[in-house]
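Student: Attaching a single structure in structure tokens format; questions to follow.
Any read-out appearing in this document is the output of simple, stated calculations on the displayed coordinates, not a laboratory observation. The structure displayed is predicted, hence computed values, not measured ones. Positions of Cβ are generated from backbone atoms using ideal geometry, with glycine treated the same way; all protein chains shown enter the neighbour counts.
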Amino acid sequence: QKAIDASKKSRKGASDWIRLNMDELKRQDEAAEHLKMSQNLSLTGFPVAWCSEALSVVGNDEDAAVAWLLSHYDELTAKQQRKTAEQKHQEAEEQRRAQQMRLRFTAEKKQSG
């Protein structure tokens, strides 16, 4: 459909567009297949992001990915905990900035009113 749209409904134009964009189309197909495999593998109970990483490391072999996940579980868990701690820190910082903005707004409102 993208080829037809890009070529203004011309068959030759669509064919040319496909040839010119073959690498990108292949990359998109591979990414979609990788996501599908990651989601399927996540049914084992691991987060999709972990499954995606495992599949990338082992070349999309699902059995090898499960083995990789099991052998790297502690490392992945620690990484997740660090990420969660960083997110909590960012959220606290955002809340602090929002509170400062509210205080400034209130003070400015009192001065002008």
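Student: If only one of Gln111, Gln95, Gln99 is polar (S, T, N, Q) and surrounded by fewer than 10 Cβ atoms within 10 Å (Cβ to Cβ), which one is it?
Tutor: Sole residue among the options that is polar (S, T, N, Q) and surrounded by fewer than 10 Cβ atoms within 10 Å (Cβ to Cβ): Gln111.
Student: Okay, next question. Name every residue in region 38-73 that is among the acidic types (Asp, Glu), in a helix (DSSP H, G or I) and over 19 Å from the mean Cα position of the chain (by Cα), in order of residue number.
Tutor: Glu62, Asp63
Student: Also: What pairs come out if I take residues in region 61-90 that are free of Cβ contacts under 8 Å to residues at least 12 places away in the same chain and pair them with residues that are of a type in the set (A, V, I, L, M) whose C-beta lies under 6 Å away, six or more apart or interchain?
Tutor: Between residues of region 61-90 that are free of Cβ contacts under 8 Å to residues at least 12 places away in the same chain and residues that are of a type in the set (A, V, I, L, M), the close pairs are Ala64/Val58.
Student: Any chance you could count how many residues in region 30-47 are within 19 Å of Tyr73 (Cβ to Cβ), surrounded by 15 or more Cβ atoms within 10 Å (Cβ to Cβ) and not polar (S, T, N, Q)?
Tutor: Qualifying residue count, region 30-47: 2.
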